[in-house]
2 protein chains.
Amino acid sequence: MFGENGNQNYSEAKRASRILECLSSPVRLLIVCSLIDGEKNVSEFSPKIGTTKGNISQHLRILEDNGILEGEKRGNKVFYSIKNKKIIKLIREIKKICSEKNSSSAK
Amino acid sequence: MFGENGNQNYSEAKRASRILECLSSPVRLLIVCSLIDGEKNVSEFSPKIGTTKGNISQHLRILEDNGILEGEKRGNKVFYSIKNKKIIKLIREIKKICSEKNSSSAK
DNA sequence: AAGGTATTTTAGTATTTGCTAAACTACTTT
DNA sequence: AAAGTAGTTTAGCAAATACTAAAATACCTT
């Protein structure tokens, strides 16, 4: 899958794992999930997710820098939405992994 | 998706993101990928992935602790294989995300 | 039991992360 | 232009991560 084509190996895996790293923070995962049903501005996240605006903004930047989200300034506010829709299928798969009885108990 | 059921919110997202975190290391992603076509013992990873045996072993432990892999000792060697097969579909999805022209250029 | 191979564990370190609080920038309203 | 609202950026810190090298454990062969 990722380790197959000789020397591309590592660099391709690195790109892939950077995407995964973006979602490997609960805050960022919740942000992306809450955008599945439409755009939101920054202030709309805080109450649901429960951290500071500054922190949300930092996470949004990470997600935007990695091509997952895009932001659009309209007047006072910045509206974020999912740029790379394929992320949604990815999230659906990890949801499946987590919502089984057998769900990976950490030791 | 993950932020929908009231207070479960965060803990469910945390479980999900821990799985993603497991794959958010290039080394671990390469390990899992190279197991898709069958079990391997620890020594078989090193040449492909290019780090020390000790380090590989540490990563294997993380993957095993999180229910992704399982190890079986046979004589001298420990053979690892994918325990949670759903991971394979997940990896397939992120492969799709990475192998498009438009693939998320980091700033 | 001695020596070899396979794997794990430990200790130490450098780097990265996630967060907070506070300062700063930008737009809007009055 | 002053004050309010929305968002970003910065500095600083505690905790987590990834790695290396070396020591420890486990099994196998002779």
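Checking the conditions here, which among A:35, A:69, A:60, A:30 is under 17 Å from the mean Cα position of the chain (by Cα), within 12 Å of chain B (Cβ to nearest Cβ) and within 13 Å of DNA strand C (Cβ to nearest atom)? Walk me through how you get there before you give the answer.
On the way: A:35 fails: within 13 Å of DNA strand C (Cβ to nearest atom); A:69 fails: within 13 Å of DNA strand C (Cβ to nearest atom); A:60 fails: within 12 Å of chain B (Cβ to nearest Cβ).
Of A:35, A:69, A:60, A:30, the one residue that is under 17 Å from the mean Cα position of the chain (by Cα), within 12 Å of chain B (Cβ to nearest Cβ) and within 13 Å of DNA strand C (Cβ to nearest atom) is A:30.
Within the stretch B:72-84, the set of residues being away from DNA strand D (no atom under 11 Å from the Cβ) and either more than 10 Å from chain A (Cβ to nearest Cβ) or among the hydroxyl-bearing types (Ser, Thr, Tyr) (or both) comprises B:72, B:79, B:80, B:81, B:82. Return a yes/no flag: does the stretch B:43-52 have any residue that is within 10 Å of DNA strand C (Cβ to nearest atom), surrounded by 17 or more Cβ atoms within 10 Å (Cβ to Cβ), at negative phi and more than 9 Å from chain A (Cβ to nearest Cβ). Among the residues of the stretch B:43-52, at least one is within 10 Å of DNA strand C (Cβ to nearest atom), surrounded by 17 or more Cβ atoms within 10 Å (Cβ to Cβ), at negative phi and more than 9 Å from chain A (Cβ to nearest Cβ), which makes the answer yes.
Looking at B:89, B:96, which one is facing another protein chain (nearest Cβ under 8 Å), more than 14 Å from the chain's Cα centre (by Cα) and more than 16 Å from DNA strand C (Cβ to nearest atom)? Break it down stepwise before answering.
Numbers: B:89 fails: more than 14 Å from the chain's Cα centre (by Cα).
That would be B:96, the only listed residue that is facing another protein chain (nearest Cβ under 8 Å), more than 14 Å from the chain's Cα centre (by Cα) and more than 16 Å from DNA strand C (Cβ to nearest atom).
Residues of the stretch A:53-71 being outside any helix (DSSP H, G or I) and near DNA strand D (Cβ under 8 Å from one of its atoms), which ones? Break it down into steps so the answer makes sense when it comes.
So the first thing to find is which residues in the stretch A:53-71 are outside any helix (DSSP H, G or I), and the list is A:66-71.
Of everything in the stretch A:53-71, just one residue is outside any helix (DSSP H, G or I) and near DNA strand D (Cβ under 8 Å from one of its atoms), namely A:71.
Within the stretch A:15-36, can one find any residue that is modelled with pLDDT under 95 and closer than 30 Å to residue B:38 by Cα? Yes, that holds for at least one residue.
Determine whether residue A:43 is more than 17 Å from the chain's Cα centre (by Cα) and free of Cβ contacts under 8 Å to residues at least 60 places away in the same chain. Judged against the criteria, residue A:43 is a match. Is it the case that the stretch A:41-58 has a residue that's under 16 Å from residue A:84 (Cβ atoms) and in contact with a strand residue (DSSP E or B) (Cβ under 7 Å, 6 or more places away or on another chain)? Looking through the stretch A:41-58, none of the residues is under 16 Å from residue A:84 (Cβ atoms) and in contact with a strand residue (DSSP E or B) (Cβ under 7 Å, 6 or more places away or on another chain).
For residue A:37, the criteria (1) part of a loop (DSSP other than H, G, I, E, B); (2) of a type in the set (D, E, K, R); (3) in contact with a Lys or Arg (Cβ under 8 Å, 6 or more places away or on another chain) hold in every case but one, which is (3).
Hey, among the residues in the stretch A:37-52 that are more than 18 Å from residue A:88 (Cα to Cα) and among the small types (Gly, Ala, Ser), which one's nearest to DNA strand D (Cβ to nearest atom)? Filtering first and then ranking leaves A:43.
So, residue A:34, is that one of a type outside the set (D, E, K, R) and near DNA strand D (Cβ under 10 Å from one of its atoms) or not? Working first, answer last.
On the way: of a type outside the set (D, E, K, R): yes; near DNA strand D (Cβ under 10 Å from one of its atoms): no.
No, not satisfied.
The values are calculated or read from the model by the stated rules, or taken from the named source; none is laboratory data. Keep in mind that what you see is a predicted model, and the values were worked out from it rather than measured. With ideal geometry, Cβ positions are generated from the backbone for all residues, glycine too; neighbour counts draw on all protein chains shown.
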